[in-house]
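Quick notes on the structure that follows.
The values are calculated or read from the model by the stated rules, or taken from the named source; none is laboratory data. What you are looking at is a predicted structure, and each value in this text was computed from that prediction instead of being measured. Using ideal geometry, Cβ is built from the backbone for each residue, glycine included, and neighbour counts are taken over all protein chains shown.
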Amino acid sequence: MKKRLFALAFILMTVMIVSCEEDSDSEDEGVSYESSHNTGKNCLSCHSSFKLAGSVYNQALTSAYAGAKIKVTSQANGAGTVLLTLTSDNTGNFHTSSSISFGSGVYVSVEGTSGTVKYMNSAITSGACNSCHGSSTSKAWAE
């Protein structure tokens, strides 16, 4: 009985470690990741190493949008310095552990494969995109 419990505990720990490793290896600027999890959830509530993370949906807000380009700039409407560029993965998620100086605010845009760019109207001072999008504001989307 003890051997079975030990074996079960070992298997569960291995699954948990592999799941976390998959996430930590999948972030990089401009890299399209294969997959992640929990689309629409506040990524930063679990992943303390992430500095900016969120999800992008299709225009109808019914499914994840893979391949969207997320840009963070120092000025509104894509002006100023590009501080960061990310690509949403197959589950619509994007994230980075790269340091971001939010200061009094940075600006975000999302570009879909159609080439249409959507700009956020206000500056952000937090990288927890899904803490607002899909909660108190519309989901972020691309076309």
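Among residues of region 58-69 that are more than 13 Å from GLY134 (Cα to Cα) and in contact (Cβ under 8 Å) with a residue 12 or more places away in the chain, those with a Cβ under 7 angstrom from a residue that is in a loop (DSSP other than H, G, I, E, B) and of a type in the set (Val, Ile, Thr), sequence gap 6+ or separate chain, pair up as TYR65/VAL56; GLY67/THR113; ALA68/VAL56. On the basis of being touching a residue at least 40 places away in the same chain (Cβ under 8 Å), surrounded by fewer than 20 Cβ atoms within 10 Å (Cβ to Cβ) and within 24 Å of SER45 (Cβ to Cβ), does ILE100 make the cut? Yes. Does at least one position in region 71-87 carry a residue that is among the charged types (D, E, K, R) and crowded, with 19+ Cβ neighbours inside 10 Å? Checked region 71-87: no residue is among the charged types (D, E, K, R) and crowded, with 19+ Cβ neighbours inside 10 Å.
When the test is whether a residue is of a type outside the set (Asp, Glu), surrounded by 15 or more Cβ atoms within 10 Å (Cβ to Cβ) and either closer than 27 Å to ALA60 by Cβ or in contact with a strand residue (DSSP E or B) (Cβ under 7 Å, 6 or more places away or on another chain) (or both), SER109 passes it.
Taking region 73-143 and the strands (runs of 3 or more DSSP E) fully enclosed by it, the elements with 2 or more residues that are modelled with pLDDT of 95 or more are at 82-87, 107-111, 117-119.
Being at pLDDT below 95, surrounded by 15 or more Cβ atoms within 10 Å (Cβ to Cβ) and of a type in the set (D, E, K, R) is the filter here; which residues of region 30-70 pass it? Result: LYS41, LYS51.
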